[in-house]
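What follows is calculated from the coordinates using simple rules that are stated; it is not laboratory data. Given the structure is predicted, the values throughout are model-derived calculations rather than measurements. Backbone-built Cβ (ideal geometry, glycine too); neighbour counts: all protein chains shown.
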Amino acid sequence: MTTYEKMVKNGTKFLAMTGYTNEEFQALLPYFSSQFKAYITKYTLEGKKRKRRGYVAYKNSPLPTIEDKLLFILIYFKTNNLQSVQAELFEMHQPEANLWIHMLAPLLNQALADSKHLPARSMEDLELDDDCKLFFHDGTERPIPRSTDYETQKAYYSGKKTSLGKK
């Protein structure tokens, strides 16, 4: 079973599985914990309003600690696992993994927003320092329709790729 206590012992593996160092994880944990506590006092794991009983993490819970809950959702987003694979990693059934994913994902998003680490959604929201000289953009190559004008084609098309991606 994957747990925080086991994963944190190997820093390289922890970083590879979550995308966070242990220090970054610990910095995010209080924000995530407060979001989880606020949610779980009002709602059940299924998202229904709580009526009487409060939340108690059972000893046989697949995610007994708040660290395990944050680890679960970070691994899910970093590795882009199928829910059945995620369930296998944390020794639970797929419907249970689905339940945890749908509950924890918005809480992680809000925790990142509270900690001011949510990615910028537009250039106006992006805060760069004045002395910042380098900007990386991760993008995907997309096909662009070729111009029918020969001179424009020469200027913008290298001829290295065909529509099949081979020459």
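Values as computed for the structure displayed
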item	result
Cut-off under 5 Å, modelled amide H: who pairs with TYR43 long-range	ARG50
FRET E, pair HIS102, GLU151, Förster distance 45 Å, beta-carbon r, rounded to 0.05	0.25
Amide hydrogen neighbours beyond the local backbone of GLY19, cut-off 5 Å, H modeled	none
Helical segments meeting 18 Å axial Cα length and Kyte-Doolittle 0.0 threshold in the chain (DSSP H)	66-79, 94-114
Simple spin-label estimate for GLU23 and LEU118 in nanometres, 7 Å along Cα-Cβ	2.6 nm
Computed FRET value (nearest 0.05) for MET1 with THR140, which takes r as the C-beta separation and R₀ as 45 Å	0.80
The stretch 1-147: Rg to Rh, with Rh as the Kirkwood radius over Cα pairs	1.05
Order of MET1, MET7 - criterion: other Cβ atoms within 10 Å of each residue's Cβ, fewest first	MET1, MET7
